[in-house]
Amino acid sequence: REDGVAGVRVDHPDGLVDPLAYLRRLRACAPDAWLLVEKILEPGETLPSSWPVAGTTGYDALAEVTNVLIDPAAERAQDTIYRELTGDERSFDEHVEAGKRLVATTILRAEVLRMARLADVDGVDLAGIVLDGIADALTQLLVAFPVYRSYLPEGADWLSHALRQVRGLRPDLAPALAALAPRLRDPADELCVRFQQTSGAVMAKGVEDTAYYRYNRFVALNEVGGAPGRIGRSVDEFHAAQLDRSRNAPTSMTTLATHDTKRGEDVRARLAVLAELPDEWAGLVEQLMRAAPVPNRAFGYLLWQTFVGAGFIAPGRMHAYAEKAMREAADGTGWRDPDAAFEAAVHAAVDGGYDHAGLRAFVERITPYGWTNALSQKAVQLTMPGVPDVYQGTELWDDSLVDPDNRRPVDWAARREQLAALTDPPAVDTTGTAKLWIVSRALRLRRDRPELFDGYSPMWADGPAAEHVVAFDRGGAITVATRLPVGLGRIGSWGETTLDLPACTDEFTGRTHSGTTPVADVLADLPVALLVHG
């Protein structure tokens, strides 16, 4: 806040908290504050309309930006490669169900039993149903619950969905469900409150920390708030999402990385290239699986994608990531019962990756395409509807993996020196200063000219490479970004592709444009442009 107040403390008693009441108390204490919630929205879910907040911390925006850089037509090939090389025939939804069931019946079993006892407050079995039956019904509902949680009365439809699903799958539980349903719908009932709290924990541990390490078809999408069951989104879908955001959540946060993301933003950008190189990728990963076998082939597939995305980072970092990832997957080893032989094979595969010439050549080949994707997603995220967030250290190339790797100390002094030395658009190279240039110029424009970012109008290129352009006008500031760079190279670059532009100047390069303009001129120096009217 402008008055220097960084936050407001609202005390509440330990135990059960009504989220909406809590938010309203926050708003009452700080009526002018910009209030956000770290809420992970599943596909099709929106924030409760009664919440007095500006929006979320941006996982939904992250998914939108990542997906528009991936061609939906790539899904069939990626699916075939994954299934043939790993033998994993389960869908993402099946992995989610298995992960949630594992969590609900192990590390959160005590909470399920606690809720079952709450349903039997008088010490007599609920409606004559044994305690195990109540616990079973609650477990099935937690597994079937399609979002993190409800905030009753908001989200009552999600509970109804879970009840219908469990009734259909387990008719034997109908008596228990009939007895539980009224209490689970009553926000004043402690059983209802605890169920809402537990469903979120089951989703977080069962999906983020289990399924996301088991279902490894295309791990650029295995991200908090993501939807790995579907690969890519069209430009039309991206524009529709931004029009909705502009109307309904214009001051919600946008982000590409947080303390909780599974991999750094530029790791995902390089992984997106795999969708454009299915044959090369399939041939390489088949070689890797033969040269450095991992007992669980699906986990091996995750490991080799990690090398492609992060590159040849310090071996200690890669080994630490591999240990956490395989134990989170809990499919061959685990935190409670580590299997020494399994883990030794994984660590041997990591060592083998550093010595594999084919892998090294492939990473080198796709790196420039990854840089293009990284700059495109950064320019889009910084200028799309919403308030942009830049996670610590991501002003330069970000090769981070899951925490604690993404919480390493940041060399701020080096960044200050690089920023102070930037006077002209830098080359796109290993230094990452091109990204620093885009971040600094985009954020300065948003700070100095906020009136340029007060709307959203999709823009469309015309010509043979039109599908490789993402462009929009925010009301005076026009973003132009490249997508699918490998395919763009295959057709010989931009050719006769054009954009109809007003008289404008590129904030990144100083170039001026007007009228029907070749995209090759707009993106002559960088794969992105930020054009200011007038």
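The values are calculated or read from the model by the stated rules, or taken from the named source; none is laboratory data. Small disclaimer: the values here were computed from a predicted structure and weren't measured. Please note: Cβ atoms are built from the backbone with ideal geometry, for glycine as well, and neighbour counts cover all protein chains shown. Please note that ligands, DNA and RNA were not included when accessible areas were found on the heavy atoms of the full protein model with its side chains. Shrake-Rupley method; radii C 1.70, N 1.55, O 1.52, S 1.80 Å.
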Using a 1.4 Å probe on the protein heavy atoms only, what accessible surface does T509 show? Give it in Å² to the nearest 10.
40
Just need the relative contact order of the chain here, percent rounded to a whole number, with Cα pairs under 8 Å and 6+ apart.
15
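Which percent of the accessible area of the chain is formed by carbon and sulfur heavy atoms (probe 1.4 angstrom)?
On the way: 11420 of 22100 Å².
The computed percentage sits at 52.
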Relative contact order of segment 265-386: what whole-number percent is it, with Cα pairs under 8 angstrom and at least 6 residues apart?
40
Given Cβ point charges of +1 (Lys, Arg) and -1 (Asp, Glu) and nothing else, what value in debye, to the nearest 20, does the dipole of the chain about its Cα centre take?
480
Would you work out which of H468, V224, V285 lies farthest towards the positive end of the dipole of the chain? Charges go on Cβ: Lys and Arg +1, Asp and Glu -1.
V224
Antiparallel content of DSSP bridges confined to the chain, in %, to 5
85
Heavy-atom accessible area per residue of the chain, all protein chains kept, 1.4 Å probe, expressed in Å², is 41
Would you mind working out the magnitude of the charge dipole of segment 272-391 relative to its Cα centre, with +1 at each Lys and Arg C-beta and -1 at each Asp and Glu C-beta, to the nearest 20 Debye?
200
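Using Cα-Cα distances under 8 Å and only pairs 6 or more residues apart, what relative contact order does segment 217-311 have, in percent? Let's see the in-between values first.
Details: 45 pairs, mean separation 30.3, N = 95.
RCO, segment 217-311: 32 percent.
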Which order do the peptides 244-256, 162-174, 475-487 come out in when sorted by mean C-beta neighbours inside 10 angstrom, highest first?
475-487, 244-256, 162-174
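Which shape class, rounded, prolate or oblate, goes with segment 251-367 when its Cα gyration tensor gives a ≥ b ≥ c as root eigenvalues, a/c under 1.5 marks rounded, and past that a/b bigger than b/c marks prolate? Write out the running numbers ahead of the final one.
Numbers: a/c = 1.91, a/b = 1.11, b/c = 1.72.
Oblate is the answer for segment 251-367, as a/c is 1.5 or above yet b/c matches or exceeds a/b.
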Projected onto the charge dipole of the chain (+1 at Lys/Arg Cβ, -1 at Asp/Glu Cβ, origin at the Cα centre), which of L436, N406, A272 gives the Cα projection farthest towards the positive end?
N406
Enclosed volume per residue, in Å³, of the convex hull spanned by Cα atoms of segment 416-527:
103
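What order, most packed first, do the peptides 137-148, 223-234 have when packing is the mean number of other Cβ atoms within 10 Å of each residue?
Values: 137-148: 24.2, 223-234: 19.8.
Most protected by this proxy first, the peptides run 137-148, 223-234.
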Rounded to the nearest 10 Å², what accessible area does D331 show when all protein chains are kept and the probe is 1.4 Å?
80
Report the GluC sites (Glu not before Pro) located in segment 429-534 that are in a DSSP loop and have at most 13 other Cβ atoms inside 10 Å of their Cβ, or state none.
E496
Just report the Cα centroid separation between segment 359-376 and segment 486-534, whole Å.
22
Considering only the other residues whose Cβ falls under 13 Å of the Cβ of G489, what net charge follows from Lys and Arg at +1 and Asp and Glu at -1?
+2
I'd like to know which of T479, T517, P458 lies farthest towards the positive end of the charge dipole of segment 369-519, counting +1 on Cβ of Lys and Arg and -1 on Cβ of Asp and Glu.
T479
